[in-house]
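Here is the structure we will look at.
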Amino acid sequence: MKITKAIFPAAGFGTRFLPATKAIPKEMLPLVDKPLIQYGVEEARDSGLKEIIIVTGMGKTAIEDHFDTSVELELLLKERGKKELLKIIRKIADKVHFAYTRQSEPLGLGHAIHITKNLVGNESFAVFLSDDIIDSDVPVMKQMLSVFKEKQSPVIAVQKVPKSKTHLYGVIKGKKVGPRTYRVLDLVEKPKSSPPSNLAVIGRYILTPGIFKALERTPRGRGGELQLTDGLRELLKSEEVYAYEFSGTRFDAGDKAGFLQANISYALKRKDMARELRLFLKKLKL
Ligand code: UTP
């Protein structure tokens, strides 16, 4: 089964970034000079996924505008001879197709995924949380797709985190079945004590259509929210689920400190900025 569709749930309120996210979607916050969500879309494209489905909500129209063609802007850049910028602007939505669906209330990540059921149909698909920015030689989704190719079962991205941080993540109980690959035996959302491992779930998933039925069987949690972790636990009852410890450096750009770290790290890789930024950082004498 070949995967072509990538879901981007982007309907959350982004409360950790208020007041910045009052009128600007969190997914549109810039990492150096590109919005966060564009990194995810590029990772999807570089992994061979061409159908991008974005779950939006109130106040998220900037995302649609970003991936749309702006005739006026292109004309202006052309007139002013800004060829490089024109190229960059045109590349944003190159080689991919976008579809949007709306989650009228942010009723949880599981709910956001469930509303894509009719758009996805009876196919396996990928999910990207654009807060998780991963810098890697081989796109993380591409790494995961090779596991899926072999297993034909759901694959969850995981990363080792210090024991002191496991309470911030979904954590798997797994059995190692191959290099970097685990069969998932159980999943615990934000364990307060005794985490089953130090393998934390990161925002990249490959899911089978069975997840929709599993989510329908899953009871809603606090605030009427439908959690993806609960849905995955339900899925475990009927399907094998695998976890893959990807290779790459991940930044939690949904958190203020992680967002700043990502910005510094990506800016230091940029030829046009690295020198000046390095000088500035050195001057800080930390
Ligand atoms: P987060 O837990 O990061 O929530 O959601 P959030 O609203 O984006 O940010 P904070 O915590 O309030 O600062 C993880 C992902 O799931 C999406 C979010 O847009 C984000 O990409 N999501 C979450 C939805 O699409 N719908 C929901 O109901 C909840």
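Based on alpha-carbon atoms only, what is the radius of gyration of the chain relative to the globular estimate 2.2 N^0.38 Å?
Cα-based Rg divided by the globular estimate yields 1.03.
Compute the length gained on full extension between S136 and E150: take 0.36 nm times their separation in residues and subtract their Cα-Cα distance, giving the result in nm to one decimal.
This chain segment gains 2.9 nm when fully extended.
Enumerate the calculated ³J(HN,Hα) couplings along the range 96-102 in order (Karplus 6.51 cos²θ - 1.76 cosθ + 1.60, θ = phi - 60°), each rounded to whole Hz, writing x wherever the residue is Gly or Pro.
10, 10, 10, 10, 10, 9, 10
Leaving out ligands, DNA and RNA, what percent of the accessible area of the chain is carbon and sulfur, probe 1.4 Å?
The C+S portion of the solvent-accessible surface of the chain is 53 percent.
In percent, how large is the relative contact order of the range 42-149, given Cα pairs closer than 8 Å and 6 or more residues apart?
42
Quick one: length gained pulling E240 to K176 fully straight, 0.36 nm per residue minus the C-alpha distance?
Computed gain between E240 and K176 is 21.7 nm.
Once you sort the root eigenvalues of the Cα gyration tensor of the range 109-267 as a ≥ b ≥ c, which label holds: rounded (a/c under 1.5), prolate (a/b larger than b/c) or oblate (the other case)?
Rounded, because the longest to shortest axis ratio a/c is under 1.5.
For the chain, report the accessible area per residue in Å² (1.4 Å probe, heavy atoms, rounded to an integer).
Per-residue accessible area for the chain comes out at 54 Å².
May I ask you to derive the relative contact order of the chain, considering only C-alpha pairs under 8 Å and at least 6 residues apart, and to give it as an integer percent?
22
Among DSSP beta bridges whose residues both lie in the chain, state the antiparallel percentage, nearest 5.
60
Report Y169's accessible area, 1.4 Å probe, all protein chains in place, as a number in Å² to the nearest 10.
Probe radius 1.4 Å; accessible area of Y169 about 40 Å².
Positive end of the dipole of the range 21-123, charges at C-beta (+1 Lys, Arg; -1 Asp, Glu), about the Cα centre: which of I37, I113, Q103 has its Cα farthest in that direction?
I37
Quick one: which of K5/K175; K22/K60; K95/K142; K213/K237 span more than 19 angstrom between C-alpha atoms?
Result: K5/K175 exceed 19 Å.
At what distance in nm do the modelled label points of K83 and R220 sit from each other, each positioned 7 Å from its Cα along Cα→Cβ?
5.6
Would you mind checking which residues have amide H under 5 Å from L187's amide H? H placed 1.01 Å from N; only 5 or more apart, or other chain.
For L187, the qualifying residues are K173.
Which value, in debye to the nearest 20, gives the size of the charge dipole of the chain about its Cα centre, when Lys and Arg are +1 and Asp and Glu are -1 at the Cβ?
940
Given the -39500 (n - 2.57) contribution per DSSP H run of 4+ residues, what per-residue ellipticity at 222 nm results for the chain, rounded to the nearest 500 deg cm²/dmol?
That comes out to -9500 deg cm²/dmol.
The values are calculated or read from the model by the stated rules, or taken from the named source; none is laboratory data. Everything numeric in this text was worked out from a predicted model, so none of it was measured. Counting neighbours? That spans all protein chains shown, and the Cβs are built from the backbone with ideal geometry, glycine included. Just the protein is used for accessible areas: all its heavy atoms, side chains included, with ligands, DNA and RNA removed. Shrake-Rupley method; radii C 1.70, N 1.55, O 1.52, S 1.80 Å.
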